[in-house]
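Encoded as structure tokens, the structure appears first; notes follow it.
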Amino acid sequence: MIDPRILREEPDRVRAAQAKRGLSADVVDQALAADVARRQAIAEFESRRAEQKQMGKQVAQAQGEEKQRLLAEVKELAGAVKDAEAAQGRAEAAWREAVMSIPNLAADEAPAGGEDDYVVLEHVGEPREFDFEPRDHVELGRLLGAIDLERGAKVSGSRFYFLTGVGAQLEFALVNLALDQARDAGFTQVVAPSLVKPRAMEGTGFLGQAADDVYRIEGEDMYLVGTSEVAMAAYHSDEILDADRFPLRYAAFSPCFRKEAGSHGKDTRGIIRVHWFDKVEMFVYTTLEESFAEHQRLLAWEKEFLDKLELSYRVIDTAAGDLGLSAQRKFDCEAWIPTQGRYRELTSTSNCTDFQSRRLDIRTRADGQTVPVATLNGTLTAIPRAIVAVLETHQNEDGSVTVPQALRPYLGGVEVLKPVV
């Protein structure tokens, strides 16, 4: 959540941040009113308790009828104290609900507006020109025996798939290339759980505006994650971290699950938009002051990986209205998909500043006090879209696919993937 001091001392800044995201500022006024009510409820409860303690001392010193009268008043006051305590609890809950609904304050540098108001920061490479009619990844996957959509739908429904043969080999090659790069950069490799408790989901902001896209396990208080960011953010929850060890960098592999709510009719062909996929995610804990430079480093590592895949891509600065609840700023790397004639997101990296750590109580010591840490995340590879980009970009006229140099050692030295049908 945002720093409550900013809400109290700079409410206009929070209102401006809401407007930049295209959201109503009403929640700011609701949170301020809830804060006043909470403080009043706390004062009332403390006043009643102080009165109760004082009267308890009088009872101890009184005798006879005076004592009986005071005991009756103490009993009545005890009920008032209990009511005040309950009122304080309700006020605290209302305050928390209000402040938790306010998104992170978007960076001044982030463009204002919605999904289409991004700013292109750079283009890397030129989209490939073909002297033949390129096939899309669905047809290439069929020819190579790599992607089986029909049986995926038969077994699990729409937006599911099987990776078979060289398709499965490509997944493992991409995962291992990503993990090796991360390890060489000083990341600790992690295999993260895909089922988490509600606090992990709430703490990372995925039970807010993204709740409709989340799978909940019926009958259990558990959720399937849409990204290992959730598990990794909660990994150090309720801990005080040693700042001398910063940055703490993790590269986590996990399956990811998304309902793709609101995507009806979008990307219904192929494996661009699916309900399940595997991913390697970078996650970092550091100080708030250092988080902005670390964000640029995460972007550089994403670009390095896309360069290894020999892809043409662009980097965009995501508009405030398209940021997740927790993100202060987000960069996307979008690869050129030849048969679609446009760029599609392959990776993204977000600086969540201290928004998630306040929710999950993750702190460090600085200047003799404990302060929230900053958390950042960045996709190193999301498998289906990486496979789409590699197959379509590096295809040949006969349906074969030339393997990027960096992937060849992970495919047993194979230079060309050849059709099997």
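The values are calculated or read from the model by the stated rules, or taken from the named source; none is laboratory data. These numbers were taken from a predicted model, which means no experiment stands behind them. Glycine gets a Cβ as well: all are built from the backbone with ideal geometry, and neighbour counts include every protein chain shown.
List of remarks:
- Among strands (runs of 3 or more DSSP E) entirely within the range 192-294, having at least 3 residues that are of a type in the set (A, V, I, L, M, F, W, C) singles out 248-257, 276-286.
- Counted residues, the range 400-419 - those being in contact (Cβ under 8 Å) with a residue 40 or more places away in the chain and charged (D, E, K, R): 1
- Note on the range 317-341: among residues that are part of a strand (DSSP E or B) and closer than 28 Å to ARG183 by Cβ, the one that is farthest from the chain's Cα centre (by Cα) is ALA335.
- Test: residue in the range 210-223 that is buried (at least 18 other Cβ atoms within 10 Å of the Cβ), of a type in the set (Ser, Thr, Tyr) and touching a residue at least 40 places away in the same chain (Cβ under 8 Å): no
- Top-ranked residue in the range 368-399 [being assigned to a loop (DSSP other than H, G, I, E, B) and touching a residue at least 60 places away in the same chain (Cβ under 8 Å); ranked as farthest from ASP307 (Cα to Cα)]: VAL373
- Residue in the range 178-188 that is assigned to a loop (DSSP other than H, G, I, E, B), modelled with pLDDT of 95 or more, within 22 Å of VAL414 (Cα to Cα) and more than 19 Å from the chain's Cα centre (by Cα) present: no
- Residues (touching a Lys or Arg at 6+ places or on another chain (Cβ under 8 Å), hydrophobic (A, V, I, L, M, F, W, C) and farther than 26 Å from ALA366 by Cα) located in the range 235-265: ALA251, PHE253, CYS256
- Residue match in the range 238-261 (condition: surrounded by fewer than 16 Cβ atoms within 10 Å (Cβ to Cβ) and under 28 Å from HIS394 (Cα atoms)): yes
- Pair list, Cβ under 7 Å, 6 or more apart: the range 152-172 residue in contact (Cβ under 8 Å) with a residue 12 or more places away in the chain and assigned to a strand (DSSP E or B), other residue surrounded by fewer than 16 Cβ atoms within 10 Å (Cβ to Cβ) and among the basic types (Lys, Arg): PHE162/ARG151
- Residue in the range 323-338 that is surrounded by fewer than 19 Cβ atoms within 10 Å (Cβ to Cβ) and either touching a residue at least 60 places away in the same chain (Cβ under 8 Å) or more than 30 Å from ASP148 (Cβ to Cβ) (or both) present: no
- Of all residues in the range 77-122, those satisfying the criterion of being within 19 Å of SER357 (Cα to Cα) and within 21 Å of the chain's Cα centre (by Cα) are ARG96, GLU97, ALA98, VAL99, MET100, SER101, ILE102, PRO103, ASN104, LEU105, ALA106, ALA107.
- Considering (1) under 24 Å from ARG21 (Cα atoms); (2) among the hydrophobic types (A, V, I, L, M, F, W, C); (3) out of contact with any helix residue (DSSP H, G or I) (no Cβ under 8 Å at 6 or more places or on another chain), the lone condition that LEU306 does not fulfil carries the number (1).
- Flag: SER24 does not match the condition of being of a type in the set (Ser, Thr, Tyr), in a helix (DSSP H, G or I) and out of contact with any strand residue (DSSP E or B) (no Cβ under 8 Å at 6 or more places or on another chain).
- On inspection, GLN61 passes the criterion of being among the polar types (S, T, N, Q) and more than 17 Å from ALA98 (Cα to Cα).
- Selection from the range 119-176 of residues that are in contact with a Gly (Cβ under 6 Å, 6 or more places away or on another chain), of a type in the set (A, V, I, L, M) and closer than 30 Å to GLN189 by Cβ: ALA146, ILE147
- Looking across the range 139-159, the residues that are hydrophobic (A, V, I, L, M, F, W, C) and surrounded by 18 or more Cβ atoms within 10 Å (Cβ to Cβ) come down to LEU140, LEU143, LEU144, ALA146, ILE147, LEU149.
- The condition of being assigned to a helix (DSSP H, G or I), assigned by TED's automatic domain parsing to the domain that holds ILE387 and touching a residue at least 12 places away in the same chain (Cβ under 8 Å) holds for only one of ARG359, ARG344, ARG365, that being ARG359.
- Each residue in the range 241-271 was checked for being among the aliphatic types (A, V, I, L, M), more than 22 Å from PHE187 (Cβ to Cβ) and at pLDDT 95 or above, and 1 pass.
- Residue count for the range 295-316 satisfying the condition of being out of contact with any Cys (no Cβ under 8 Å at 6 or more places or on another chain) and in a helix (DSSP H, G or I): 10.
- Counted residues, the range 200-209 - those being surrounded by fewer than 20 Cβ atoms within 10 Å (Cβ to Cβ) and without any contact (Cβ under 8 Å) to a residue 40 or more places away in the chain: 1
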